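Just so you know, all these numbers are worked out from the coordinates, no wet-lab data involved. The structure displayed is predicted, hence computed values, not measured ones. Reconstructed Cβ throughout: ideal geometry from the backbone, glycine too, with neighbour counts over all protein chains shown.
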Amino acid sequence: GDSVTQMEGPVTLSEEAFLTINCTYTATGYPSLFWYVQYPGEGLQLLLKATKADDKGSNKGFEATYRKETTSFHLEKGSVQVSDSAVYFCAAGGVTGGFKTIFGAGTRLFVKA
Amino acid sequence: DTEVTQTPKHLVMGMTNKKSLKCEQHMGHRAMYWYKQKAKKPPELMFVYSYEKLSINESVPSRFSPECPNSSLLNLHLHALQPEDSALYLCASSHSGDYNEQFFGPGTRLTVL
């Protein structure tokens, strides 16, 4: 079935370190791919998206490229800040009939000052 | 206005109570969603409304009853809940289908005693 797999956390980094959170997907058809971020006590916010192969989504220094050949959408940031501490969800949208979004399990990021 | 609002923010109810969660958006989105999120887990889809009609019910128990009075409003009526129904309930909306990103509200933290 359709699924999204992302690296387990928590991930703990020092401020200004490089971040990579791996994400791969299995989906029927050609999904759109998203990264959502959830800060403590809040709902999910869209961080970035890509809707076709080789698209690069970017926002607030975060980037991810839609790789159809490896079915991946890895999240990267060159220099993390303490304020980036949150849970990050990789998601595939438009699978199995259009309205469903498949979420990964989430990766918790802690950034130390 | 790019906001999805949810009320109340917190709700504590007994197993015999009847209560309702409310969600509102004014972005002209025609698809609206209810999700349930347990601690340290991704959101689980419960219901999807498209053009004010129920499009998806993910086999949710009948003690949860959704309602979409108009294109801007979404309610979730709760009755005879169980303690295991305690969770964060998230509302989301999108332009159409799932190829576009979903905009999430901040959620209602529900505790069932």
For this session: May I ask which residue of B:Thr16, A:Leu13, A:Val37 lies farthest towards the positive end of the charge dipole of the protein assembly as shown, with charges of +1 (Lys, Arg) and -1 (Asp, Glu) on Cβ and the Cα centre as origin?
Result: B:Thr16
Exercise. Based on the mean of other beta carbon atoms within 10 Å per residue, what is the order of B:86-93, A:20-27, B:66-73, most packed first?
Worked result: B:86-93, A:20-27, B:66-73
Exercise. With each label point set 7 Å from Cα along the Cα-Cβ vector, what nm distance links B:Tyr51 and B:His10?
Worked result: 4.2
Problem set entry | Signed unit charges on C-beta, dipole axis of chain B, positive-most listed residue B:Met27, B:Phe103, B:Asn57 | B:Asn57
For this session: Just the number, please: percent antiparallel of the DSSP beta bridges in chain A, rounded to the nearest 5.
Result: 90
Problem set entry | Magnitude of the charge dipole, the protein assembly as shown, Cβ model with Lys/Arg +1 and Asp/Glu -1, debye to 20 | 460
Problem set entry | Straight-distance crosslink candidates among lysines, where the alpha carbon sits under 24 Å from A:Lys56 and sequence neighbours closer than 8 are dropped | A:Lys68, A:Lys77, A:Lys100
Seminar exercise, completed: Env charge @ B:Gly14, Cβ radius under 15 Å, K,R +1 / D,E -1, value +1
Seminar exercise, completed: Rounded to the nearest 5, the percent of DSSP beta bridges in chain B running antiparallel is 90
Exercise. If r is the Cβ-Cβ distance from A:Arg67 to A:Glu8 and R0 is 25 Å, what FRET efficiency results, to the nearest 0.05?
Worked result: 0.75
Problem set entry | Cα centroid separation, region A:30-54 to region B:55-105 (Å) | 19
